[in-house]
Amino acid sequence: MNLVEWLQRLMTNFGAEWIMWVLIALSVVSVAIMFERAWFYLSLREDLPALENFVLPGGSVGSAQLHVARAVCRRAERLVVALSRTEAVGDQVIVYLNRLSDALFVMARWENRRKGVPDVLWNSRA
């Protein structure tokens, strides 16, 4: 199973989290899985130059699509945070969404690098 399939399966499970047994299982299992997959995120990040400016969405097509996925993930995170003020939400759901958005950002930068396309940097003087 590749990373995208794994993420899709995990997100489907989060959609079903309102069932109590899934809630309990994901709270324990998701942390273990996140640690297991951390090597992938760290290996991508090590290949990238250090950030000296804000990166704007864009670059290659694949990178732009990953930035869109990140924006959707961030929106989901904000909605879950709002929901958590009135409903019980699994402890790891917000953490997972936050880490997923970080991983999508790194994957977008890595995709640009793989395609030989520079990141789109924010110019504060423009």
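The values are calculated or read from the model by the stated rules, or taken from the named source; none is laboratory data. Values in this document were obtained by computation on a predicted structure and should not be read as measured data. Here the Cβ positions follow ideal geometry from the backbone for every residue, glycine too, while neighbour counts run over all protein chains shown.
Things to note:
- Of the residues Arg85, Arg37, the single one that is charged (D, E, K, R) and either more than 17 Å from Trp6 (Cα to Cα) or at pLDDT 80 or above (or both) is Arg85.
- Selected residue (criterion: nearest to the chain's Cα centre (by Cα)) from residues of region 64-106 that are farther than 27 Å from Val117 by Cβ and of a type in the set (Ser, Thr, Tyr): Tyr96
- Residue in region 8-25 that is closer than 22 Å to Leu121 by Cβ and modelled with pLDDT of 70 or more present: no
- Screening Asp91 on (1) touching a residue at least 40 places away in the same chain (Cβ under 8 Å); (2) within 22 Å of Ala50 (Cβ to Cβ); (3) of a type outside the set (S, T, N, Q) shows it passes everything except condition (2).
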